[in-house]
Amino acid sequence: MFYVYILHSSLLNQFYIGFTSNLEQRLELHLNPTENRKFTAKAKDWKISFKIECETKTQALAIEKHIKNMKSKVYIENLLRYAEISIKLLEKYKV
């Protein structure tokens, strides 16, 4: 399984979008100060606020790219609020 995830930092009031095959390990890497991180190094309070379980890596990458291309905090907030958007994304990028 692969996951598309969105982290949120209350301190920065910003979101980070990514994908992984191991969500817990990936979060630990984002929070680890010894890792070579650029964007997520700005804060230490990242929390997983959204995740979608994808069937394939290709599907996960396509959904991640879609969310990033929207370049919209409002779109991300709507993803968090309305579960049907996630379902539509999974259907749209079904392999």
Give me the residue from region 16-48 that is in a loop (DSSP other than H, G, I, E, B) and among the hydrophobic types (A, V, I, L, M, F, W, C) and, out of that set, surrounded by the fewest Cβ atoms within 10 Å (Cβ to Cβ). 39
Considering only residues that are among the β-branched types (Val, Ile, Thr), touching a residue at least 40 places away in the same chain (Cβ under 8 Å) and assigned to a helix (DSSP H, G or I), which ones fall in region 75-95? 76
May I ask you to list pairs of residues, at least six apart or on different chains, whose Cβ atoms are under 7 Å apart, with the first in region 45-74 being more than 14 Å from residue 5 (Cβ to Cβ) and the second being surrounded by 14 or more Cβ atoms within 10 Å (Cβ to Cβ) and polar (S, T, N, Q)? 45/9
Among the listed residues 69, 13, which satisfies the condition of being on the phi > 0 side of the Ramachandran plot and surrounded by fewer than 15 Cβ atoms within 10 Å (Cβ to Cβ)? 13
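None of the figures in this text is laboratory data; all of them are computed from the coordinates on show. Worth saying up front: this structure is predicted, and the values here are computed from it rather than measured. Don't worry about glycine lacking a Cβ; one is built from the backbone with ideal geometry, like all the others, and counts go over all protein chains shown.
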